[in-house]
1. Return the residues of the stretch 16-53 that are in contact with a Lys or Arg (Cβ under 6 Å, 6 or more places away or on another chain) and not in a helix (DSSP H, G or I); say none if nothing qualifies.
2. Which of the residues that make up the stretch 125-151 are away from ligand 2 (no atom under 16 Å from the Cβ) and under 10 Å from the mean Cα position of the chain (by Cα)?
3. Can you find a residue in the stretch 75-84 that is part of a helix (DSSP H, G or I) and at pLDDT below 90?
4. Among the helices (runs of 4 or more DSSP H) contained in the stretch 275-356, which hold 2 or more residues that are within 16 Å of ligand 2 (Cβ to nearest atom)?
5. Going through 29, 49, 55, 39 one at a time, which residue ends up being among the hydrophobic types (A, V, I, L, M, F, W, C) and either within 25 Å of residue 265 (Cβ to Cβ) or without any contact (Cβ under 8 Å) to a residue 40 or more places away in the chain (or both)?
6. Are any of the residues in the stretch 98-114 modelled with pLDDT of 90 or more, of a type in the set (A, V, I, L, M, F, W, C) and under 26 Å from residue 37 (Cβ atoms)?
7. From the residues in the stretch 49-63 that are surrounded by 16 or more Cβ atoms within 10 Å (Cβ to Cβ) and within 10 Å of ligand 1 (Cβ to nearest atom), which one is farthest from the chain's Cα centre (by Cα)?
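The values are calculated or read from the model by the stated rules, or taken from the named source; none is laboratory data. Keep in mind it's a predicted model, so treat the numbers as computed, not measured. Backbone-built Cβ (ideal geometry, glycine too); neighbour counts: all protein chains shown.
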Amino acid sequence: MTLEQKKSIEIFCGTGGVGKTTLATSRALHLALHGQKILLITIDPAKRLKQVLGLEENTEGIVQTVKTSRFTNEETAAHTFDALLLSPSATFLKISELAKEKVDLNNGIIKILTKPYGGLNEIMAIVEVQRQLNTGKYETIILDTPPGKHFIDFLESSKKINRFFDSSFIEIFKYLGKSIDKEAAKPSLLTQLISSGVKKLLSYLQKVTGPEFVETFVDAIINIYRNKSGFLDALNFGDELRKKSFSHWYLVASVDQMKVEEARELKNHAKNFMHEDSYLVLNRCLTDLAQAWTPTRLSHQDFKNILLNKEQTLKEYANQTGLKMLPFTEILSSKPEHHVAQLAKQWDQVEIKRNL
Ligand SMILES: Nc1ncnc2c1ncn2[C@@H]1O[C@H](COP(=O)(O)OP(=O)(O)OP(=O)(O)O)[C@@H](O)[C@H]1O
Ligand SMILES: [Mg+2]
């Protein structure tokens, strides 16, 4: 199994600040320079990618073309890759237009839900990836995820969300008498029990918030329900991500003990997803730099040895995660574009070194 074997999806995950966005971008650059058709998607509401890629304001939700020359200073811009900053509302609008059930983005609750961190972030990311895969335009889609466990939690819970669409939603509509799903099944005993619960909940809500809020709430739910096929497709697609033939997982850790420990935790958390084609990317390694350094003072020699020993211990520890390790070195520059450009070159070395 090789890194060069093309996978439809490559996912970068890891804890905060370890270099996920930078490495995902460098991977896109590397593959684009090798002539592949690449789309880089970031779910990251921090939108650091915008800054790294030099994208204009208000480009969220619209696929942008990035010239590789931005990073490599090639004379002629021979290569490009596409990049997309996820906009949950833009994705929602696109699937709803496709389903001919245009969502009302001005509904107060939909507005809140489609804000970054608004609650629909992860599912919209999957919906968007699925949409982009369907275009058939890309050989590989690279996904930069937000820090931590949310994305994995979301994938884990996709079955529950599936059930939610099939039961709870229908109950709410039945009670409200808004017939929007003509094929809804006849109420079972359980259904009737849920209905009375929903009834109580909504009448209580109405007392507290007034009828206007309840109306907005119901309309929001109807908006979501009408587009349920888009969401359900995406939830099934979440399962595809587990497949080795389909995805590469990169768990990014940074060279400091805590970050590797955190990566180990995340790996255990994601054990249902990370198949054997998953890699622990050890970012900001210092070994190569330290080895190239010839200290003139004895105290500096001690310092160099400490650095080397520390990193060696760390790598042994990282090896225990059971994931294949890919080391990337610290880039001595303050410019994010330089980090991306240099790290892109290291993907070549990493592939050669590992004889992949
Ligand atoms: N190998 C490296 N050498 C030097 N600097 C690096 C390296 N990798 C990443 N950086 C820098 O570290 C900072 C954090 O990187 P980045 O934003 O990619 O992390 P992240 O994991 O995406 O963060 P977040 O969790 O906030 O999304 C950036 O300034 C980036 O340019
Ligand atoms: Mg990031």
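1. Within the stretch 16-53, the subset in contact with a Lys or Arg (Cβ under 6 Å, 6 or more places away or on another chain) is 18, 21.
If the condition is that a residue be in contact with a Lys or Arg (Cβ under 6 Å, 6 or more places away or on another chain) and not in a helix (DSSP H, G or I), then 18 is the only one that fits.
2. Start the filter on the stretch 125-151 by keeping residues that are away from ligand 2 (no atom under 16 Å from the Cβ), which leaves 126-141.
If the condition is that a residue be away from ligand 2 (no atom under 16 Å from the Cβ) and under 10 Å from the mean Cα position of the chain (by Cα), then 126, 129 are the ones that fit.
3. no
4. On the way: elements: 287-291, 298-319, 336-353.
Ranges flagged: 336-353.
5. Values: 29 fails: either within 25 Å of residue 265 (Cβ to Cβ) or without any contact (Cβ under 8 Å) to a residue 40 or more places away in the chain (or both); 49 fails: either within 25 Å of residue 265 (Cβ to Cβ) or without any contact (Cβ under 8 Å) to a residue 40 or more places away in the chain (or both); 39 fails: either within 25 Å of residue 265 (Cβ to Cβ) or without any contact (Cβ under 8 Å) to a residue 40 or more places away in the chain (or both).
Selected residue: 55, the only one of 29, 49, 55, 39 that is among the hydrophobic types (A, V, I, L, M, F, W, C) and either within 25 Å of residue 265 (Cβ to Cβ) or without any contact (Cβ under 8 Å) to a residue 40 or more places away in the chain (or both).
6. Among the residues of the stretch 98-114, not one is modelled with pLDDT of 90 or more, of a type in the set (A, V, I, L, M, F, W, C) and under 26 Å from residue 37 (Cβ atoms), which makes the answer no.
7. 52
Residues are listed down the side, and each one gets a yes or a no for (1) loosely packed, with under 12 Cβ neighbours inside 10 Å; (2) under 19 Å from residue 256 (Cβ atoms):
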| position | (1), (2) |
| --- | --- |
| 305 | no, yes |
| 315 | no, yes |
| 319 | no, yes |
| 323 | no, yes |
| 326 | no, yes |
| 332 | yes, yes |
| 336 | no, no |
| 339 | no, yes |
| 344 | no, no |
